[in-house]
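*Asks:* Below are the structure tokens for one structure; questions will follow.
Coordinate-derived values only; no laboratory data. Source: prediction; values computed, not measured. Glycine gets a Cβ as well: all are built from the backbone with ideal geometry, and neighbour counts include every protein chain shown.
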Amino acid sequence: MVHGLWMHGIVFHFLRRALVRCGFRVETFSYPSVRRGLAANTDRLAHFVAGRDAEKVHLVGHSLGGLLILNLLSRPVAPHIGRAVLMGTPCRGSHCAAMLAGIPGCARIVGHSMRDWQEVASPLTAGVEIGVIAGDRGVGTGPLLFGLPKPNDGIVAVAETQLAGATDSLTLHVAHSEMLFSKACARQVAAFLATGHFLHDGDERP
């Protein structure tokens, strides 16, 4: 699991426990999301993934963490990577990050990795199924301070999460950070990792 900007792997405590209960062995990857650039952090992620002793390694990224995963999947990667889930990831660029970076003195806090990101242009690794989860509970600074387009999760617009070539996508009524603690989100992540598809209307179980 790969965290987002200004975060640490500890934020996955709830999701980690939920996935362990579903039978997954879970590890978290922490990285300097502000100080290091996208290429350097992706190198660190590639090294981390290569060192996992497992037949298949699935990847779960929240926000900026999903961009590291996409950047990794645009490179030749180890054949044991299985599926990937992106939660609230601004695949098509971040309106809020661009607005914040344009404020004098604020570019530094956006971080090098976010500023380095461009919408993925290179072909993604063949055979890796990617699921995209967006949120539409627009509670946060994005709509109030930066005029973030609706619908959004308060930080990332639903339209910004869209990824050409994604295997499946889903919008949940959660805010950006709530994805880390949402039972519905955890259930959907587990479903995609297990089957390659989310639970849509008619598939959901109580």
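*Asks:* Working from the pairwise distances between different alpha carbons, so that the mean of 1/r is found and then inverted, what is the stretch 20-105's Kirkwood radius in Å?
*Replies:* It is 14.2 Å.
*Asks:* Among 6-12, 48-54, how do they line up from the highest to the lowest mean number of other beta-carbon atoms within 10 Å?
*Replies:* Working: 6-12: 16.3, 48-54: 12.9.
With the highest mean Cβ count within 10 Å placed first, the list reads 6-12, 48-54.
*Asks:* Given contacts defined as C-alpha pairs under 8 Å and at least six residues apart, what's the relative contact order of the stretch 1-73, whole-number percent?
*Replies:* 44 percent.
*Asks:* Which value in nm describes the separation of the simple spin-label points at Thr171 and Val26, placed 7 Å from the Cα toward the beta carbon?
*Replies:* Using points 7 Å along Cα→Cβ, the separation is 2.7 nm.
*Asks:* If you don't mind, another one. What distance in nm separates the two pseudo spin-label positions at Ala159 and His8, each 7 Å out from Cα along the beta-carbon direction?
*Replies:* Roughly 3.8 nm, to one decimal.
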